[in-house]
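> Structure provided below as structure tokens; questions to follow.
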Amino acid sequence: MFGEDGLLNELLVERFNYCVYVVLLLIGLYAMIAKNNLIKKLIGMSIFQTAIILFYVSIGVKEGGTIPIYVAEHDPHGHHAEHQAHPEEANATEETEENATTATTLHEEDHGHHGPRSLTDEETSDYANPLPHVLMLTAIVVGVATLGVALALTQRIYRAYGTIEEDAVLAAILAEDASTVIPDVLATKPKRTSSKSRKAKKA
Amino acid sequence: MSENSIALIFVFPLFGAVLCALVGRKSRNLCHPIAVASLAGALWGGIETLRRVIASETNEVSYYFGGWNADAYPRGVGIEFRADYLGALIMLVVVGVAFLVAIYSKLPVAEETPEKEGPFYTLFLLQVTGLAGICLTGDAFNLYVLIEVAALTGYGLIAMGSARAAAATFNYVILGTIGASFYLLGVGYVYMKTGTLNMVGIQEVITANGLADSAAMQVAFVFICLGVLIKMAFFPFHAWLPNAYFHAPTATSSLLAPLVTKVMIYVMIRMTLTVFGVDFSFENTLWTEVIPWLVVIAIVCAATMALAQRDVKKMLTYLIVAEVGYMVGGIWVYNYYGFIGSIFHIISDACMTLCLFLGVGIILRKRRTTHFDGLRGLFRKMPFTMGGFFVGGFSIIGLPPTCGFFSKWYLITGGMLAERWEYMVALMFSTMVMVVLFFRLIERIHLAVTESGENIGHGHGDLALPESETFFDEAHWTMLVPLLLSASVVLVIGIFNQDIVNLIQDFLEPFDLPKGTGR
Amino acid sequence: MKKIALAVTVLTGILLLYAAQDFPAWGDLQSPASASPVSKHFIADTGVDTEVPNMVTAVLADYRGFDTMFETVVIFIAGIAIIGILRRTGADADAPALKRENEIAAEPDLIVTNTVRLLVPVIQLFAFYVLAHGHVSPGGGFQGGVIMGASFILVALAWDLPKAMDRLSVDRAVMLAGVGILIYAGIGLFSMLLGGEFLDYAELSHVLPVSREMARYHAMLGVEIGVAFTVTAVMFAIYANLSTRGRLEGGL
Amino acid sequence: MVAEPTVVNDVRPLIAVLTPMVAVVAIAWSGEKRKNLREIFTLLAGLVQASVVLSLTPLVLAGNVVEFHVWQIFTNVPMLLRVDGFGLIFAAVASVLWIATSLYAIGYMRGLHEHAQTRFYSFFGVSLCATMGVAFSANLLTIYFFYEMLSVSTYPLVTHMQDKEARKGGRTYLSYLLFTSLCLLLPALSWCYVWLDNGQGAMDFLAGNSMSEQFSDTTQIVLLLLFTFGFAKAGLMPFHSWLPNAMVAPTPVSALLHAVAVVKVGVFCVIRVYSDIFGIEVLQALDGEQIMVWIACATIIISSLIALSQDNLKRRLAFSTIGQLGYVVLGATLATKQGTAGAVVHIAMHACGKITLFFCAGAILVASGKKYVSELRGLGRKMPFTMGAFLIGSLSVIGLPPLGGFVSKWYLVLGALERDYVWVVVVLLVSSLLNVFYLLPVAVRAFFRNENDNEEGEGGLKEAPWQCVVPLSCTALGCFGLFFFSDVLLSLAGL
């Protein structure tokens, strides 16, 4: 696994992104567990989640692919718009398309319909995979929400214990525990009756 | 409407939640009826779904959101909800438990979190939405989103209690996020190697491409399991659970304690059976030899810790951790009966934990404490409440004919057939611990003895309890009825376990799990 | 704790690196994720299915619209949970406000307020642009909503919270967030009532004078607006609660 | 199994089981305020139950079994009630003695002004329901259900006094019974259930014995041990000490526990497993099965020796019970027809004898407040009926003709001889001698020793209330009756 031609080289050169995410993730994980300050823990949490986002986005990359938004020639509305508003421009694109190598016939057929068409395999390889991006939008949102709630908790803890250091909070909680007396429900009742009877005697 | 029953399960609570948020500030009293009504709707949808699953030929019903069905589009383009017996049963448990807790929570919520009814019921209903969704979703990433929905609502619901609850929740947030992130990472690996997020799709690709030996897939499995284990409070990762549930408001702990850990075990079953497949999950010695021993340690340690508690509610939280060990063990003994036991235990444990937590909530409300010392003579005051509570306790111990007996029965059978003696010993040990725990409780509740052993009242003549203590003081009906209902559900599930087990067997049949030993 | 953390970190690192050897090459066109039928369908057929040029938006709001609905719900939950956690009730509410050290009861700075006065409309206009143009360019409900929320937060920063709350009170924000969810889920429910599955926007073509594909296109705009409502409102509500520890008064 | 018995479907077994439960509802409804009504319900339930059970006798004597299918528990394992001869003997003994115990309990509880009598009668009813269930169970799982039900429902009875001692006794009681049933019995049951996959229905008591085909000898021995000790109610050593500890209970409970319901349920279950799950032939053929005989014999001898040293009358009787239970288990382990029959009949004989003894102990407590053997001097003259009954009960337990105890011991000896276990016969004789040593001195002391010291209030000592005396006289007469009508029992037991 650690051969000279093996992992290290491969990791550092070919899979640099993956390495970066691993490092970030470990930093975040360590901070979440080891840090004493609650806010620092949360910073670790953010780093941790960011690392995962980086990883996911790396999956979606395609060599030579662009962002997953249709370029004008593939745009389902592009043709309508071009034909109606800018006929010359549309013709120009048409020419470049015909010069292009891909799927001319299909394209012309599509042209006839003036509607959207399905992209060919080779065309699809020009776009990055949109799915990881979508997933990460969700993950980001979840991360933000978690962070928000965690910050609110931190404030609540600070309000109650006046500190955001974990060990200090723990010490405060232990002190609180030690001072709480369990109310013994049954034991208190007879006293009350006896005080009543005492009153009765006085009367 | 019937074909949309799956959607109804969460449409009702979702709209109910928003409604609660909207009316919550102005007219707080409306929130409770809204919550109960929307959960009743969800329950109807759930029953309808189960009915449809039973009626269907393949024993499963798929529902494609946005109409991206698998016939016209590649599988996994849209999000699929797939109700099979496993998912439908556990979803029904989730909704049913939530319905009972919703009725129950009228008084505790108003008293413990005053002026916060709106946010409380909003989060409550969304929690149910998330949990029910987890049981049905057929998409690995959607599962993550729903896990987070359940987790976030859980944080909010718990932290609405005291400052102590907030401090406990913080731990939960940290561990919960680590767990969910590990799951997310695992799903990322799976997606990278298979190119799909649909659970069935993943399984197909694993078989087709022979991914069983892939390092990335193995690590993905480890991460997903790790994440789920953290989320279900499996023993070394349990640290968040006892405090969080202990300090949570009554209604919260009554909802979360029966459901959250169980649903996560469902996720584990789903991952091992449906997503990764039996061959992948149970052939790799990297984890199949490790997890059963972890289970043993988990059960023994959790049971021992429960034994050390002097507070009912705290004790119950540790019992949950021990029960998690049972169910995980049931999966990893890798046997047909083990799986039946595990799945049936999810159902029965949810019901009996509900029963116990509802009982504890009533105790807390009456006595202002759940410490052992505060339990004396409760049986005289609230015979019905305590009767229901005892039924839950008997079920945890595993006495027939409560459902706890049957799940334990199948777990033991599974462990025996798989010749996992260490698991059986751990089960026996924890059973004994539970006997001790519950009869210690029963002794106090029933016999009115103090901690030091002195007796209130003497053996002869009437018990010399203070006069105020002898009269009958039953819980309010909104709290009592759900408790008694849950107790009777514990009994009914036990008595009619055969019907449920048949469904579980139908679900397990295609997976070709080992049924016997090499004896 | 440090030692445990170190051990956990090292173990996780080993696992991660062990897995890394099995990864497909960087940007590999043939990697399973890129070559899968699902991914291909998204790229090749988004236009056909929905007429939306931005695949991310289409996947987000339509193909995986159910995810996104719950994503919005997550935001909503965060807002509600923070309010639930931080709101003071009973005796807590009557407790006197903590006097912070070095508190300066200063008037808002003139330069800052005037700049903000000029900036806010522009920011809000941009938010609308990002929202509405999400179909054809990067953007959408979340992004637009965040920008919109930021404009309110900016007001609160420049003046103080009550000033911002004059425009959007926290109560109203909660309502707005709920309305956002209602819009999203309502569109889903409406398409269900029209005979499709939940969130099957194509069914809206029964009531809209457009084709099934264009119905999806327009419905996506609708749900994005719902998302934007929720995000705007919750962003502001989170800020308002966090910055004042749930007291909702005074500045930062 | 010689011939397949005819199966008759009848609801009467269910009625017999449920009668006490109905009575419990009525008792709880009557409550403390309507004492007489409550006790009438108790007696009424006992009468109904006994008559239902006895009405089944002709059917069973004619070679039928009566069945009632309640519901399906597992695949192939229904909750099934079935009455055969063996079950009927036990059910009849339990239900008839319940009437006696109820009557006695009325006198006892009122005499001592006990608290929480409603609870007492209620749980008494529940225990009876469980006992009936055990007697009529048709398979291992059904029997397990009722067995556990009995464990739990007798707990409030054992801890009835609610003091420290009761708490301790209750704890020991439950921890022994539940530990054994959950940790030994449950795995054994589950082990048996495994056979069901082969379609054998091996948990049913009527099914053929496939044990030897399925398991190796070692496994069978392990199963045998798990079952024998799992049914800890049988009081075999070393799982016996719950029994003396449970003596803190009120005497009617002790009588019920130690003579009728609980301990007999234990040995009943053991016999069921030996003769109907393993089967006599299998056991005979099994190597190492003698270990069970040794355990039973050791229990008999050791418990008798311990009984000698007990001064507390109830504790002495408790250890005597352990020894007598050893006889029953011994009969089952002998694995011969006569041995088994002896064991079955001994259940009835000992029940009748021992309940008499306990009734007497209770009557003495009610009348004089005395608990210890050493205090009983001269009591025989003050309480002639009670002590007379005690003498009869003692003789029956010792096994002298013409009392019931003789019959069962006779068949046990026959069974031992059939297996050529001469040493077992010796054990039986020695233990009978020991019985003489620890039981007779009680009666002797009561009748033939003058009271040396006149203490306060001794002069006014009279017999116990009639509700106490009548039942104990009846059961004492029953000891005679059983001897003369033992042929009915034997034919029911399959001889």
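The values are calculated or read from the model by the stated rules, or taken from the named source; none is laboratory data. Since this is a predicted model, take the numbers as computed values, not measurements. Heads up, the Cβs are rebuilt from the backbone with ideal geometry, glycines too, and the neighbour counts pull from every protein chain shown. Surface accessibility is based on the protein's heavy atoms, side chains included, excluding ligands, DNA and RNA. Shrake-Rupley method; radii C 1.70, N 1.55, O 1.52, S 1.80 Å.
> Loop sites only, by DSSP: take the trypsin sites (Lys or Arg not before Pro) in chain D that have at most 12 other C-beta atoms within 10 Å and name the longest stretch containing none of them.
Within chain D, the longest run free of exposed trypsin sites (Lys or Arg not before Pro) spans D:34-461.
> Here's something else I'd like to know. Specify whether the C-alpha gyration tensor of segment D:290-359 places it in the rounded, prolate or oblate class, a ≥ b ≥ c being the square roots of the eigenvalues: rounded for a/c under 1.5, otherwise prolate if a/b is larger than b/c and oblate if not.
Oblate, since a/c reaches 1.5 and b/c is not below a/b.
> To continue, here is another question. Which ³J(HN,Hα) values, rounded to whole Hz and listed in residue order, are derived for segment A:128-136 from phi using the Karplus coefficients 6.51, -1.76 and 1.60 in 6.51 cos²θ - 1.76 cosθ + 1.60 with θ = phi - 60°, glycine and proline given as x?
Those phi angles translate into 5, 5, x, 4, x, 5, 4, 4, 6 Hz.
> Still on this model: Quick one: accessible surface of D:L400, probe radius 1.4 Å, all protein chains present, in square angstrom to the nearest 10.
Surface accessible to solvent at D:L400 totals approximately 80 Å².
> How much of the accessible area of chain D, in percent, comes from carbon and sulfur atoms when a 1.4 Å probe is used?
66
> Hey, which of these cross-link pairs are over 21 Å Cα-Cα: D:K371/D:K409; B:K116/B:K314; A:K35/C:K3; B:K381/D:K233; B:K262/B:K515?
With Cα atoms farther than 21 Å apart: D:K371/D:K409; B:K116/B:K314; B:K381/D:K233; B:K262/B:K515.
> Ok, one more. Would you pull out the residues with amide H under 5 Å of D:Q72's amide H, same chain only if 5 or more places away, H placed 1.01 Å from N?
Those lying under 5 Å, H to H, from D:Q72 are D:M79.
> Right, next: How large is the charge dipole for the protein assembly as shown, taken about the Cα centre, if only the Cβ atoms of Lys, Arg (+1) and Asp, Glu (-1) carry charge, to the nearest 20 debye?
The calculation lands at about 9420 debye.
> When only alpha-carbon atoms count, how far does segment A:19-80 stretch along each of its three principal axes, as whole angstroms with the largest first?
60, 22, 9
> Skip the ligands, DNA and RNA, and give the accessible area per residue of segment B:289-519 with a 1.4 Å probe, whole Å².
Value for segment B:289-519: 28 Å² per residue.
> Please say if segment C:1-75 is rounded, prolate or oblate, where rounded means a/c under 1.5 for a ≥ b ≥ c the square roots of the C-alpha gyration tensor eigenvalues, and otherwise the choice is prolate for a/b larger than b/c and oblate otherwise?
oblate
> A follow-up question, please. Could you work out the mean projected area of the convex hull around the alpha carbons of the protein assembly as shown, in square nanometres to one decimal?
64.1
> Calculate, for chain C, the solvent-accessible area per residue in square angstrom, rolling a 1.4 angstrom probe over the heavy atoms of the protein chains.
41
> If you place +1 on the Cβ of every Lys and Arg, -1 on the Cβ of every Asp and Glu, and leave all else neutral, what size is the dipole of chain D about its Cα centre, to the nearest 20 Debye?
The calculated dipole for chain D is roughly 1580 debye.
> Using only Cα atoms, find the angle between the long axis of helix D:117-136 and the longest principal axis of chain D, and express it within 0 to 90 degrees, rounded to the nearest 10.
Approximately 30 degrees, to the nearest ten.
> I would also like to ask the following. For chain C, what % of the accessible area comes from carbon and sulfur atoms, probe 1.4 Å?
66
> Run the numbers on segment B:417-438: which residues show a drop of 50 Å² or more in accessible area, chain on its own versus all protein chains together, using a 1.4 Å probe over heavy atoms?
Those residues are B:M428, B:M432.
> Net charge within 15 Å of B:A257 by Cβ-Cβ distance, Lys/Arg positive one each and Asp/Glu negative one each, not counting B:A257 itself?
+1
> Report, to the nearest 10°, how far helix B:250-270 tilts away from the longest principal axis of the Cα atoms in chain B, using its own Cα long axis and a range of 0 to 90°.
30
> Next question. Which whole-number percent is the relative contact order of chain B (Cα, under 8 Å, 6+ apart)?
Here the relative contact order equals 14 percent.
> Mind checking how much accessible area B and D bury in total, 1.4 Å probe, in Å² rounded to 100?
Approximately 3800 Å² gets buried when B meets D.
> Another one. Please label the shape of chain C as rounded, prolate or oblate, based on the square roots a ≥ b ≥ c of the eigenvalues of the alpha-carbon gyration tensor (a/c under 1.5 means rounded; beyond that, a/b larger than b/c means prolate, else oblate).
Oblate is the answer for chain C, as a/c is 1.5 or above yet b/c matches or exceeds a/b.
> Compute the accessible area of each residue in segment A:55-70 twice, once for its chain alone and once with every protein chain present, using a 1.4 Å probe on heavy atoms, and list those whose area falls by at least 20 Å².
Output list: A:F55, A:Y56, A:I59, A:V61, A:K62, A:E63, A:P68, A:I69, A:Y70.
> What percentage of the solvent-accessible surface of segment B:289-519, computed with a 1.4 Å probe over protein heavy atoms, is contributed by carbon and sulfur atoms?
Roughly 64 percent of what the probe reaches on segment B:289-519 is carbon or sulfur.
> Pick out, from B:L30, B:G16, B:W44, the residue whose Cα sits farthest towards the positive end of the charge dipole of segment B:12-65, with +1 on the Cβ of Lys and Arg and -1 on the Cβ of Asp and Glu.
Going by the Cα projections, it comes out as B:L30.
> Would you mind giving the total buried accessible surface between chains A and B, with a 1.4 Å probe and ligands, DNA and RNA left out, rounded to the nearest 100 Å²?
3700
> When the expected Rg is taken as 2.2 N^0.38 Å, what fraction or multiple of it is the alpha-carbon Rg of segment D:1-277?
Expressed relative to 2.2 N^0.38 Å, the Cα Rg reads 1.01.
> Give me the accessible area buried between chains A and C, both sides summed, with a 1.4 Å probe, in Å² rounded to the nearest 100.
Buried surface at the A/C interface: approximately 5500 Å².
> Now a separate question. Please return the longest range in chain C lying between exposed loop sites, taking trypsin sites (Lys or Arg not before Pro), DSSP loop only, at most 14 other beta-carbon atoms within 10 Å, and leaving the sites out.
My reading of the result: C:101-252 is the longest stretch.
> Using a simple charge model, +1 on the beta-carbon of Lys and Arg, -1 on the beta-carbon of Asp and Glu, nothing else, what dipole does chain B show about its Cα centre, in debye to the nearest 20?
Once rounded to the nearest 20, the dipole reads 1120 debye.
> Chain B: percent of C-alpha pairs farther apart than 46 Å?
Cα-Cα pairs in chain B separated by more than 46 Å: 9 percent.
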